[in-house]
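Worksheet: the structure to be examined is printed underneath.
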Amino acid sequence: MSRSVNKMILVGNVGRDPDIQETKNGTKVAHFSLATNRRPDAEGNERTDWHRITVWNKLAQFVEDYLHAGDRLYVEGRVAYDAYERDGVSIPTAEVIGTEVVLLSARRADEVVEDAA
């Protein structure tokens, strides 16, 4: 069997605070959107693409603890395609299953934990 690659690297901004859930067996999962911008076209118009990101387990805990809307983020992962049915019509979906998340934003002053000595 020949080797294949499914890898995506995104750098963008978190669209809204993450949605955190747990499966029935207690596995944590986080969903969030990431906006990336394309370079301006000939008319100077910039386009924003939105990506649905899903992370599991320890990455989901990191996302819950540290990610907020507007944060600059590096995400590495793989693309997963699926579909769901609505009113008898199959709706295709795509999401990035994150395997690495790096927060590129500086911490905000209101997030700094002070020592309570």
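No lab work stands behind these numbers, since they all come straight from the coordinates. Only a predicted model underlies this, so the values are computations on that prediction, with no experimental measurement involved. Cβ coordinates were reconstructed from backbone atoms using ideal geometry, including for glycine residues, and neighbour counts include every protein chain displayed.
One table, with the values for the structure above:
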{"read-out": "Unique residue being surrounded by 11 or more Cβ atoms within 10 Å (Cβ to Cβ) and either more than 11 Å from the chain's Cα centre (by Cα) or touching a residue at least 24 places away in the same chain (Cβ under 8 Å) (or both) when the list is GLU95, GLU22", "value": "GLU95"}
{"read-out": "Filter pass, VAL55 being in contact (Cβ under 8 Å) with a residue 12 or more places away in the chain, under 19 Å from ILE97 (Cβ atoms), of a type in the set (A, V, I, L, M) and assigned to a strand (DSSP E or B)", "value": "yes"}
{"read-out": "Search result, residues across segment 38-49 that are surrounded by 10 or more Cβ atoms within 10 Å (Cβ to Cβ) and either polar (S, T, N, Q) or in contact with a strand residue (DSSP E or B) (Cβ under 8 Å, 6 or more places away or on another chain) (or both)", "value": "ARG38, ARG47, THR48, ASP49"}
{"read-out": "Criterion: under 28 Å from GLN61 (Cβ atoms), without any contact (Cβ under 8 Å) to a residue 24 or more places away in the chain and surrounded by 11 or more Cβ atoms within 10 Å (Cβ to Cβ) - qualifying residue of ALA35, ALA30", "value": "ALA35"}
{"read-out": "Matching entry among GLU76, GLU85, GLU43 (being without any contact (Cβ under 8 Å) to a residue 60 or more places away in the chain, acidic (Asp, Glu) and assigned to a strand (DSSP E or B))", "value": "GLU85"}
